[in-house]
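Q: Handing you this structure, nothing more for now.
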Amino acid sequence: MIDGQPNLVHPSEAAKEEQTLEAIAVAGASAIQRLISERDDLRVRVNTQQGDLAYITAANVDLRRCIISIRHHYIELATKVLAQLEQFDQATRDLMQERQTKSVAGRDEDANLVSLAHRLKPVGTRPTSVASFDE
């Protein structure tokens, strides 16, 4: 005979081990399903964000074009306003110069008239000058 006891496993222990292995397998499968679900959700979020990014990029490009166009029109407008201001300044200077020229010429004419009046005035009247005519 064989000495010693044969290695026997009790049926209740084998069932417990089987249930434990089953529970571990179910937990593992559940964990894998959660990971797959999370991965799919992340893929959806990434695709959504990529679409949003493409839309925002296109909007940004359009806004840049608008800003460049506005800047261009502003520079054109500023150039036109500056040219008009320069024309106005030149016209004002010309007018001032013309007035000064007329004023000097007018005073010369006035002086000539006063001189003529002095020569033609009767003797004994009071003297007149250009300054007294200006008042």
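None of the figures in this text is laboratory data; all of them are computed from the coordinates on show. In this text the structure is predicted, and so the values were computed from the model without any measurement. Don't worry about glycine lacking a Cβ; one is built from the backbone with ideal geometry, like all the others, and counts go over all protein chains shown.
Q: In nanometres, what is the gap between the two model label sites at Ile75 and Lys121, each 7 Å from Cα along Cα-to-Cβ?
A: It is 6.8 nm.
Q: State whether the stretch 20-120 is rounded, prolate or oblate according to the following rule on the C-alpha gyration tensor (a ≥ b ≥ c being the square roots of its eigenvalues): a/c under 1.5 gives rounded; otherwise a/b larger than b/c gives prolate, and the remaining case gives oblate.
A: It is prolate, given that a/c is not under 1.5 and a/b is the larger ratio.
Q: What FRET efficiency comes out for the pair Thr57/Ala83, r = Cβ-Cβ distance, R0 = 41 Å, nearest 0.05?
A: Working from the Cβ atoms, E equals 0.55.
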